[in-house]
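Have a look at the structure below before the remarks.
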Amino acid sequence: MDNQEYSSLGRSVTRADGPEKVTGKAKYTLDNQLNDVLWGKILRSPYPHAKILSIDVTKAKALPGVYSVLTGEDLKNIKIGRRLFDVPILANERVRFIGDKVAAVAATDKEIAEQALSLIEVNYQELEAVTNIHSAATDNAPTLHPNLNEYVGLPKKVTDRHLNIYAHDNWNKGDIEVGFKESDIIVESTYSTPKGHQGYLEPHTCMVWVDKQDQIQIWASNKAPFMMRSQLSAAFGIEAEKFTVNPTYIGGEFGGKGSSMDIPLCFALAKDSKKPVRMSMDYSEELIAGNPRHGGEMEIRAGIKNDGTLVAWDAKAMWDSGAYGGYKPVPSTNLVGAAHLAGSPYRIPHVNIDSYQVYTNTVPSGHYRAPGAPQAIFAAESHIDALARKINMDPYEFRIKNIIGNGEATSTGHYFENINAGETLELAAQTAGYFSPKGNHVGRGIAMGDHGAPGGETSVSLTMEPSGTITAYTPLFEQGAGQYTVIQQVISEELSLPTESISVKPQNTTFTKFDSGIGGSHTTRIAVEAAHIAGKAAKEELYKRAAELMGWPEETLSIKDKHIVNRNSEMIEISELLNRTGLPINTVGHVNETTASPTTSYGAQIAEVEIDPETGQIFLRNFTTSHDVGTIINPTTHQGQIDGGVVQAIGFALMEELIIDESGRVSNPSLADFKIPTGKDLPIMKTSLLQNEIGSGSYNVKSAGESSNTPTAAAIANAIEDAIGVRVEDLPITSEKIYNLLHPK
């Protein structure tokens, strides 16, 4: 998808990080080598809820090769969190889920560390556990965090409900009771979604070394190094500048690597042992003690007129936070999830949304690509279909009737510029052949969603040396989405130089300005603008120097084929200009967007399924995804974001589930049992793009990372009902569930 307005943007250039990754030269956390590095391992709780009566580490400490053994007593009252500080580095006095950290050792190799763990003797007293949101929210439920109101970062004190319901948000407009009185038809349903792991290739890894100058050097698979540094600073009472987070590639993260995870414990082991320590979770640990997507239950009650006009929408969400709330940057719920739970792209005059976070004795929840939105859109867009079918209106026509346009507010009262929701929906229907004939037991389902770009802060420092080398320095740690390539292309565009002549190098937290980290679909928005500012400033400096050296008017100059060109065809090579002036050019592009983008990116998706009514087997045959986009920097990477999001969401819809039994134990703690899609699970996929000229920043970009995985599950659920007339309201949708609905006896 070439954009003729630009020379470098809109082109699928080679990934800046590609050659290193495919040749094996790319360094991930554990590829970095240090002398005398120890291995850290963790002893985890076998109980969902228990008091720790005693811990005996005598035998573990006496084992040759062991340099450090720590328990909660050694790190008493130290808690960590992204915003809410409620996660102990090691459990102290009680454990709150199966997998909670009880003790840790650092030894010369993994085998000795594992042996040392087996020598630690822990005496527990089991306590009553609450392993789902319903049991946790009852008045007589055991309180998981009795000192909740003392925690740093709690949004507000809890005095009006059980302490397990530690956060509540409400959004409303109009008058919901008036809305239901004005409604001719009211439909109520409850939808549920499970916890699910992000499925990245590289597990959580970290390495910490306190160097000879007492500087704490950190390498970690963490996408927000400055934020992580601040968390460590607050937890340990050490000034943030004493922590240096060093750049390393991240082997995928999809929202799951924004928390500190084992890094604080790794630092404690390194400090105690006086040696560098490295740690890596295995995948069983990831699945029982990582920070998966929230499970939740969403109740929706909605009212419409007989002609299909939406009037009232009342929704309540209960999110399963697990044992802690510190693995997410917002302790309560977020407006993104709530907006979608409210039926975001539709015109609804009366809306009320209540959203709660609930502690349970299960694996703590974190973030997974578009946190809250896939769950909320599954519920909301399923309910939109239910309303349409209640009055025998086609679900597409129902959406077109109620969808917002320019100048109209979303269901939560937010105004966006340049709304293209209806046009995106129309494009999806056209691309998918939505109204074409279907065979028996074949259904088509449609769903919509959107995702804007929040604010953020980052910088790009550009250096042009007299030798001709051009380097862009960034605080971003590449996690697979192609940020370095985007920076490269933007600078190439500004300087009219080949992308391959520009190298991009990440810097540690000591040598660069603050960066808010990767996430929320905002990185391209702010990184593009920072690179644009740096590149434009470098170009202006080149023109200034050429004017001074050659006597040319600045306003007559341009760049072509690595030369500064005067309008009468006189020219000087850029490298010669820099050599003759004798000084490098250094510029900085700094961006601090304090507000969200005024635009959002709409996505409409249509699934086509065929169901075998004898067995309930689901055949996902075709899948169409249409998107409202701005300027596309790199078409291949952009399409990769769309395809990757759809594939992950197919897993969310049809197979991915952390199965947590009544005891709170994850009963499928391996990738042999926790299923994610493979190539054989995927349908024929089509993408259509609605490109327009309005977006964020100098190049009018729109977010792409999280608009592709949000409507998918609802589209598939709606297609299944279209095919066989039954609706599955709890994910994942399995053949067994469909069979039981078709054959209730």
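The values are calculated or read from the model by the stated rules, or taken from the named source; none is laboratory data. Computed from a prediction, not measured in an experiment: that's the story for all the values here. Heads up, the Cβs are rebuilt from the backbone with ideal geometry, glycines too, and the neighbour counts pull from every protein chain shown.
Observations on the model:
- Test for GLU408: is it assigned by TED's automatic domain parsing to the domain that holds PRO345 and farther than 29 Å from GLY535 by Cβ: yes
- The one condition in (1) outside any loop (DSSP other than H, G, I, E, B); (2) under 23 Å from SER259 (Cα atoms) that LEU53 fails to fulfil: (2)
- Close pairs (8 angstrom Cβ cut-off, 6 or more residues apart or separate chains): in the same structural domain as TYR324 (by TED's automatic domain parsing) in region 147-161, assigned to a helix (DSSP H, G or I) anywhere: none
To keep it simple, each residue is scored yes or no on (1) within 27 Å of ALA370 (Cβ to Cβ); (2) over 15 Å from the mean Cα position of the chain (by Cα).
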position: HIS197; (1), (2): yes, no
position: GLU202; (1), (2): yes, yes
position: THR205; (1), (2): yes, yes
position: VAL208; (1), (2): no, yes
position: LYS212; (1), (2): no, yes
position: ILE216; (1), (2): no, yes
position: ALA220; (1), (2): yes, yes
position: LEU232; (1), (2): no, yes
position: GLY237; (1), (2): no, yes
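- Residue satisfying condition, being surrounded by 19 or more Cβ atoms within 10 Å (Cβ to Cβ), aliphatic (A, V, I, L, M) and in contact with a Gly (Cβ under 7 Å, 6 or more places away or on another chain), within set ILE642, ILE618, ILE660, ILE632: ILE632
- Boolean, GLU570 is free of Cβ contacts under 8 Å to residues at least 24 places away in the same chain, surrounded by fewer than 20 Cβ atoms within 10 Å (Cβ to Cβ), over 30 Å from VAL442 (Cα atoms) and not assigned by TED's automatic domain parsing to the domain that holds LEU654: yes
- Members of region 313-372 found to be of a type in the set (S, T, N, Q) and part of a strand (DSSP E or B), listed by number: SER321, ASN352, SER355, GLN357
- Contacts under 6 angstrom Cβ, first residue in region 8-28 being outside the structural domain of ILE487 (by TED's automatic domain parsing), partner surrounded by fewer than 14 Cβ atoms within 10 Å (Cβ to Cβ), 6 or more apart: GLY10/ASP2
- Filtering region 614-644 to residues that are part of a strand (DSSP E or B) and hydroxyl-bearing (Ser, Thr, Tyr) leaves THR624, THR625, SER626.
- Test for SER492: is it out of contact with any Lys or Arg (no Cβ under 6 Å at 6 or more places or on another chain) and not in a helix (DSSP H, G or I): no
- Residues of region 128-159 that are closer than 30 Å to SER280 by Cα and out of contact with any Leu (no Cβ under 7 Å at 6 or more places or on another chain): ALA129, VAL130, THR131, ASN132, LEU144, VAL152.
- Failed condition for GLY405, given (1) touching a Gly at 6+ places or on another chain (Cβ under 7 Å); (2) more than 17 Å from LEU310 (Cα to Cα); (3) surrounded by fewer than 24 Cβ atoms within 10 Å (Cβ to Cβ): (2)
- For region 504-561, filtering for residues that are farther than 25 Å from THR14 by Cα, part of a helix (DSSP H, G or I) and of a type in the set (S, T, N, Q) leaves 1.
- Extreme residue, nearest to ILE400 (Cα to Cα), among residues of region 442-457 that are at pLDDT below 95 and touching a helix residue (DSSP H, G or I) at 6+ places or on another chain (Cβ under 6 Å): GLY449
- When THR599, THR594 are screened for being within 30 Å of ILE502 (Cβ to Cβ) and crowded, with 24+ Cβ neighbours inside 10 Å, only THR599 passes.
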